[in-house]
Each structure stands twice: as C-alpha cells, then as structure tokens.
1. Just grab the label-to-label distance for Gln703 and Thr602, each label 7 Å out from Cα along the Cβ direction, in nm (one decimal).
2. Per residue of region 722-735, what does 6.51 cos²θ - 1.76 cosθ + 1.60 with θ = phi - 60° give for ³J(HN,Hα)? Whole Hz please, x for Gly and Pro, Karplus curve as stated.
3. Sorted by mean Cβ packing within 10 Å, highest first, what order do the peptides 354-362, 553-561, 432-440 take?
4. Provide the per-residue ³J(HN,Hα) series for region 331-343, in order, calculated from phi with Karplus coefficients 6.51, -1.76, 1.60 and θ = phi - 60°, each as a whole number of Hz, with x at glycine and proline positions.
5. Hey, got the dipole for region 442-488? About the Cα centre, +1 on K and R Cβ, -1 on D and E Cβ, debye to the nearest 20?
6. Which shape class applies to region 484-592: rounded if a/c is under 1.5, otherwise prolate when a/b exceeds b/c and oblate if not, where a ≥ b ≥ c are the square roots of the Cα gyration tensor eigenvalues?
7. In the structure shown, do any of Lys479/Lys744; Lys406/Lys479; Lys406/Lys744 have a Cα-Cα gap over 27 Å, and if so which?
8. Run the simple label-point estimate for Glu502 and Lys744 please: 7 Å along Cα→C-beta, distance reported in nm.
Amino acid sequence: MNADADEMKGRKGPSIGRSGGDEGWGDGDDRHEISNNDKDCDCAPSNKIPIDQDGACAPSSGIALIGASATYKTANADAGDDETVTGFSTTTVNVKPSSGVGDHTDNNTDIGICASPSSRPFRTMLPNEDYGAAIAAHNDCLVKHETNRAVSASLQTLPGAFRVTPRRSTDSALLVDAERGLLQQEREDPTAGEDDNIPHHVPSAYLVTEEDDKSVEIVQAEQVLPFFQRKEGQLTIVIVGGLLSALTLLLGGLLTRDNSASGSDVAQQELSSDVPSVAPSFDPRPTLAIVRDRGVVNCGVEDTSQDQEGGVNLGRFNIDSCRAISASVFGNPDKINLVIVGTYDRYERLVGREVDVLLAGDSYTVETAIREPTTGEPLGFGFPYYDAAVVYLGSETFVKCANDQKRYDECEQLSICAVDTPEIRSLITSFFPVTFISFGPFAEAEMSLKNETCNVLVADTYRIYGSNSGLQDDITEGKYVISDYHISRNLFSSVVRFDDGEWYDVVEASRMAAIRATQLGIRRNELQCPVNSTDDEIELSFVNAPLCVGNALEVFQEHLGQTVLSFNGPLGAYLSVIDAPNFGSLECENCEDVLNSGRLRTISERGYLNCAVYLDPLHNLTRSSLATLVNVKYCEIMAVAIFQGNADAVNITYIDEIDVSAAFPREFDYIAGASWEERVGFDTSNLGTMSSNLPYFFHDKLQYNGKVYDGLGLAISYTHDDADHSLSFLATVVSTATIYAQRKQISRATYFDMPLIHLLGDSLAFMLRDIVMYAGNYDDVINEALVLSDGSTEVGWNTVIQNVNMAPTTPVFYCDYTGNCPPCQWFGNVCVSLGPY
C-alpha cells in the first residue's frame with residue numbers, strides 16, 4: 001500500500017469499524033470490534049458483523065459499516081487487477097464478499113434472511129432450518145415489509161449514509177446506511193429489476209495491511225449529506241427563495257396599487273427592491289424607423305430658455321437644428337420632443353435611447369468619439385456646426401496674467417472661475433494649479449466675477465455673448481476685457497449612437513442641407529414647407545430642412561447675431577477650412593487592440609493595405625492632380641500607421657467609379673478621395689451604405705446640377721465599410737494627427753513631440769510619431785503634393801484652422817464659405833454686414 005495507507009493503518013475515526021489484527025483474508029477466529037454507541041459485539045465466525053444498536057450479527061456481503069468517507073479494497077476484483085490506488089488519506093479496509101440467499105452452500109449460516117426492518121433487517125439461518133423454508137420466509141418478509149425497495153430508495157438520500165463507488169468500474173454503485181449498516185447496490189443495467197427479490201447483505205470490513213491481497217478492487221465511499229447541504233438541495237432553496245421574493249414583490253405591488261386613479265392621472269409607481277433590475281430591452285430596429293413610428297424626434301438639449309438679453313442663444317439655435325431634422329423626416333419642423341440633458345448624464349441617456357440625437361453643445365474629441373469615458377461606448381460625432389472659442393474674461397491686468405500663465409508679483413492674487421465642462425477642466429488644469437481655480441456652472445462663475453470672488457472668468461464665447469446679466473454691456477463699457485486670442489476651441493457637433501449609419505446620415509444631411517441652401521440661394525418658405533400637407537405620410541426629404549426652418553445664415557442671424565464678414569476682396573482670398581477635433585485623453589488601460597480583430601486583423605495578417613484612390617470625374621481628376629496626390633499620400637500614411645512606419649505596405653488602385661447605392665466594395669480596405677456628399681447630399685436613397693470620416697481636402701466651388709457656385713466645394717476623406725468600427729476609429733486618428741502636428745508646429749525633425757496613443761491598443765501606441773516622421777504635418781503633405789502636381793489646382797481652402805487665434809467679441813458668420821454674401825461695407829480687407837440677410 002502507499003504511504004497514506006501506511007499512515008492510516010490501525011487508525012480509528014468516529015464510529016469507524018476496524019479489524020482486530022493485521023490479518024487480511026486469513027482463516028481463524030477473526031473478531032471485528034465496532035464502536036457504535038459504545039456497544040460491543042463479538043461476532044465469530046469472521047463473516048458476521050454487528051448491524052444494529054443491540055450488537056446483533058449478520059453475514060457479510062461486500063462492504064463494511066462505516067461512519068466517514070473511506071477508501072475500500074474489495075475482494076471481487078478481476079484476476080490480475082492488482083493496481084494500487086494512491087493519493088487517499090482515508091481509512092482503507094478490505095472487503096470480503098459472501099453468498100446471499102439463493103446461493104446455497106454447505107455453510108447455511110452464511111445466508112442472510114429478511115427479518116423486521118425496524119430492528120434487525122437480516123438474520124442468519126438456523127443450523128437445522130430447512131433451506132426452502134428459509135427462502136420462502138425470506139421472500140415473504142421482503143414482500144411484507146417492502147424492505148428491498150424501501151431501503152433502495154432511502155439509502156440514496158438518507159443523511160449519514162455513504163455512497164460507495166468502485167474505482168475500477170462504473171457499472172454499479174454501493175450504498176451503506178451509516179445508522180443501520182445496510183448495503184444497497186445501484187444498478188445501471190436496465191434489467192436489474194429482475195433481481196429485486198435478492199437481498200443485499202451487510203458486509204464485513206478489515207483494515208488493509210501490507211500483506212493484503214493486491215488484486216482486490218478499490219472502491220470509495222462518499223457520505224450522503226442532508227438534503228439542504230447537498231448541491232441539489234441548495235439550488236432548490238435558491239430557486240424557491242427567488243420565486244417567493246418575486247411573488248412577494250408582485251403581491252406588494254398589487255395590494256398597494258391605487259385603483260382609483262385612471263387615464264392620464266395615473267401615476268407610475270416604482271417598487272424598491274434589492275433584486276437587480278432587468279436590463280432594458282431595446283427596439284432593435286434602425287433609429288429612423290423608430291422615430292417615424294413614434295411620430296417625434298427626441299432631441300437632447302442643454303438650454304431651452306428663450307428670453308436671454310444678450311441676443312445670443314445657442315440653445316434656441318440647437319433647437320432649430322432639431323426642428324430641421326424633424327422637417328426632413330416628417331415634413332413638419334415641430335414634431336420634436338426636447339429632453340433636457342446635463343453635463344455628465346447626456347451620453348448615458350443617448351446610449352440608453354432616451355434621446356435620438358444630442359444637440360447640446362457637445363465638444364467633439366477623439367477620445368469621446370472612440371471611447372466616451374462615462375459609458376465606455378463609441379459615439380457618432382457629426383461635422384462641427386459651431387466653433388466655440390475658449391477665452392479669458394476679466395480685469396485687464398489679470399487677463400494678461402492668465403494669458404502669460406504668471407502667478408507671482410503683480411499676478412499673485414490671480415483667481416480663476418472656470419465653467420465646469422470636461423474640456424475646460426482638462427484645459428485649464430494644465431495651465432494652472434488647482435488652488436488658483438474654482439469650477440461651477442456659468443451663472444455661478446459669472447456672479448463670482450461680478451462680486452470679485454475671482455478676477456478672471458474662463459468660458460466659451462457663446463456663453464459670454466448670451467449672458468443675461470449685462471456682461472456684454474460690461475465688456476462694451478470697458479469694465480472687463482476678453483483675451484485677444486482664444487486659448488482653445490471647442491468644436492460643437494451633433495452626437496448620435498455609433499452603430500446606426502443611416503440615422504447619422506439623416507442628422508448630417510439635415511445640417512448640410514441648410515449650408516448648401518445658403519450657397520444655392522434657397523431660403524425659408526412656409527408655402528413650400530409641407531407642414532400642412534394632407535398626405536398620410538410625407539417622404540423623407542432633406543430640402544424640407546431649409547424650406548421649413550431656414551438656411552444656415554437665416555438661423556444664425558435669428559439666434560446668434562447679425563454680423564456677417566467677408567474677406568474675399570478684389571484679389572480674392574481663401575479662409576482656412578481644414579479642421580480636426582482636440583485629442584482629449586489618449587490614455588486607456590483596457591482598450592482592445594484593434595489589430596486583433598475585424599478587418600484590421602485581416603489587413604495585418606495579409607501584410608499590406610488595399611487602398612483605392614478615387615479619380616472623381618466631376619472634377620476631372622488625373623493621377624497628377626493635387627487632390628489625387630494628397631489621396632495617395634493619405635493611403636501611404638494609413639499603411640504607416642498600421643505597419644509601424646512602413647509606407648510601402650500598401651497596394652494602391654485607381655478607380656473612377658463608386659456604386660454609392662451598394663455596400664462598400666470589399667476588395668478595398670479604404671477608398672481615399674470619395675465625398676460623403678456625393679453619396680448623400682440631398683439624396684435619401686443611399687443612407688448608411690458606407691462611412692466617411694473627417695475631410696482632409698476641399699475642392700474649390702460647388703458643382704450642382706450642372707452649375708458652379710462660389711464657396712466651398714465637396715469635401716473628400718477616407719471612406720470605408722460601415723460595419724467595422726475600428727476602421728472609422730483609425731481613420732479619425734490618422735486624419736487628426738497631421739492637423740494636430742501643424743497646429744503644434746511639429747515636423748519630421750521633431751516627430752518625437754507627438755504624444756503616444758493607447759485608445760487603439762498597445763500595438764499602435766507609436767502611430768502618431770510614425771505618421772509625422774514619415775509625412776510631416778498637414779502643411780508638409782499639401783505643399784509637397786502641390787510641387788508634384790500638374791498645377792491646375794491651388795491650395796485654396798486647404799489650410800488648417802488654428803486653435804489659438806484672434807477672438808471676436810461677437811458671433812460672426814463667415815459668408816465666404818457659402819459664397820453668397822449679403823451686401824456689406826468694406827473696412828480695409830474686411831466687408832462687414834450688420835443687417836439681416
């Protein structure tokens with residue numbers, strides 16, 4: 001035997017039977033001492049052991065009475081089956097089987113006969129008892145007391161019993177009743193019921209010694225615990241308990257319902273419970289279908305006040321943006337439901353489908369687009385609709401201190417009140433220690449400035465313009481000054497859920513329709529707005545947005561200000577238009593590596609990028625056109641980002657046709673040079689077929705229906721499969737990288753000044769540095785392409801809008817973008833219009 005068996009040899013556990021010597025199967029007067037309720041028994045011959053509390057003896061038949069888990073060795077093993085079982089530290093005994101009733105032997109005392117199950121389940125045959133009579137008595141007893149079936153059922157669940165399973169066989173299992181010492185054998189053979197009249201005898205047991213027969217079979221006993229301690233019992237208790245709890249809550253709700261309430265006066269009651277609420281089930285249909293069935297657009301807005309004295313009301317401007325969406329979807333601008341959202345709960349409410357779109361002054365950042373911090377979800381930001389400059393406002397001395405980031409000498413008393421938004425908080429704490437700053441809503445910050453609790457206010461210009469407490473008058477009178485340069489820019493964008501490209505296109509097309517309407521000369525026309533149409537269902541139409549609500553300039557002047565500026569004098573001038581969001585935080589501890597899944601994994605494993613360059617026939621592009629060379633460069637930049645600086649890991653294909661009505665062509669990973677407007681624009685038939693990203697190039701002049709209009713032309717960017725989010729994330733980062741580098745004046749020589757990024761996983765952490773090391777900043781890209789081009793196109797609009805620039809003291813509409821400026825008065829190089837359009 002093994003060491004565990006050696007250690008256990010001779011050990012006596014609680015109510016454990018043990019042999020009285022070291023002998024195994026030897027002949028002679030083998031006595032078995034059982035300590036059970038302090039009763040002694042002297043059973044000789046060796047095939048008798050006690051089976052009840054009175055110490056009565058019965059013949060053996062396999063396994064001994066036990067009182068704890070034990071490992072057994074049985075004598076009915078096959079020949080040659082001498083495998084030793086190791087790893088057990090439990091009592092090990094030998095088991096001696098003997099014949100049962102029906103197996104006649106010369107020694108009739110080996111036969112166990114059924115007796116009263118309440119006292120002695122079996123008795124031995126009397127020396128002179130007739131064998132046939134014994135059999136009849138035995139069978140009669142079994143029928144009368146149903147001993148066999150009763151014991152068979154009870155032994156499987158009786159607390160204190162043991163289930164004994166042979167270690168070398170799975171054909172049957174043995175059960176021992178710890179109270180009675182009864183053995184029951186479970187049969188897996190479907191014919192086992194034929195032997196129901198054969199009793200199962202009480203066994204005898206011996207401690208194992210080194211001299212024992214090594215060929216015997218090993219079995220293991222397992223105590224049958226009370227029902228409530230077994231797994232099935234505990235599971236039943238949990239299920240029943242849960243059902244009872246649910247029933248209690250249901251009854252409580254029924255009994256406490258106010259049955260007198262009816263109609264719209266019925267108040268919705270909520271039951272408080274410790275049981276976790278069930279996750280909400282969302283309508284899986286596209287948002288457009290849900291909105292049309294609902295009959296209203298749910299817009300998340302920040303400010304719905306209509307009585308601001310300053311004449312600048314971004315809240316009302318945003319509401320008109322919501323009305324434009326409603327006009328596109330329903331032909332009626334007033335089918336809207338305004339949902340007031342807070343600074344820190346808005347994204348949860350969007351993701352939770354309380355709102356369909358956010359139009360609440362949300363700042364577009366790369367971080368928020370890829371992984372919004374409060375929800376952990378990606379979000380769909382539209383192209384910025386408002387450029388909100390962040391400025392210092394206050395006394396001239398301390399505004400200068402803030403601009404210079406000086407905190408000593410005359411600036412020792414600097415005290416800053418900042419509007420509490422995630423963007424401003426992140427920005428201003430990078431300039432000053434938190435001991436110099438207090439955060440709060442704009443109204444509180446404004447009041448603190450007025451009562452001299454602080455001497456500098458940090459806020460977006462639109463809040464300052466829209467102040468209803470006379471702040472604008474204080475600026476006009478010279479009490480306060482605004483910093484000459486804005487210290488940052490927040491790009492306000494519409495926000496939708498990321499996984500619905502069709503709805504994204506609806507929201508963006510409604511915004512873009514107002515801009516193009518200004519360029520095309522389309523104005524608000526209540527007669528053409530189908531709000532009073534008798535049609536049962538108005539078809540989706542983006543032209544309804546300007547017809548029902550107004551074009552971009554009309555809405556701007558109605559809610560933000562009358563000032564319109566133009567710089568396009570006799571010599572002509574182009575404003576900067578290339579823009580990109582701020583990065584935000586680029587740190588992430590658990591962001592997934594985008595190269596490990598989806599299309600990007602396929603690209604990585606393939607070893608090269610398949611990038612198509614679109615030769616747009618509308619603009620007569622050739623391989624030497626400026627736009628084409630810029631597209632080629634951005635294909636190479638994408639390869640650099642994916643393949644750790646390898647610009648050669650790209651296969652470029654030139655195409656002159658794109659089927660925008662179909663899904664994205666799978667033979668390509670990206671198309672460089674396609675325009676979102678060519679797919680959507682005023683067209684409603686190609687929504688959601690593919691995705692486009694931030695534009696990195698604008699054509700000069702708009703070509704529409706065979707006519708050419710001054711102002712911005714089509715914007716081009718990366719286009720890709722709408723189904724793969726990672727492609728969009730990567731394209732956004734790549735486009736932003738070159739623009740960020742230009743704003744920070746980072747070049748190839750200083751590429752290491754680019755930050756690391758962990759939002760896309762560790763594999764791409766150095767991609768921003770790789771991009772700039774290869775391509776330089778945006779000006780490098782555009783100017784190097786210009787040198788190689790055919791010269792038919794100039795740089796035009798394609799310069800970067802700087803984050804630090806002159807800060808106007810009032811909202812301004814730059815009409816050069818739309819090419820349709822109202823009459824104005826020239827002042828030097830600027831033409832100013834102060835009246836309504």
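The values are calculated or read from the model by the stated rules, or taken from the named source; none is laboratory data. Note that this is a predicted model, so its numbers are computed, not measured. FYI the Cβ positions are ideal-geometry reconstructions off the backbone, even for glycines, and counts take in every protein chain you see. SASA here: full protein model, heavy atoms, side chains in, ligands and nucleic acids out. Shrake-Rupley method; radii C 1.70, N 1.55, O 1.52, S 1.80 Å.
1. Modelled inter-label distance: 3.3 nm.
2. For region 722-735, the Karplus curve yields 6, 7, 10, 5, 4, 4, 5, 4, 5, 4, 4, 5, 4, 5 Hz.
3. On the way: 354-362: 24.8, 553-561: 20.8, 432-440: 14.3.
For the peptides 354-362, 553-561, 432-440, the packing ranking is 354-362, 553-561, 432-440.
4. After applying 6.51 cos²θ - 1.76 cosθ + 1.60, I find x, 9, x, 9, 8, 10, 10, 8, 10, 6, 10, x, 5 Hz.
5. Details: 3 positive and 8 negative charges, 10 e Å.
In total the dipole reaches around 40 debye.
6. Details: a/c = 2.55, a/b = 1.19, b/c = 2.15.
Cα axes put region 484-592 in the oblate bin.
7. On the way: Lys479/Lys744 34 Å; Lys406/Lys479 22 Å; Lys406/Lys744 22 Å.
Where the Cα-Cα span goes over 27 Å, the pairs concerned are Lys479/Lys744.
8. Once both label points are built, they end up 4.1 nm from each other.
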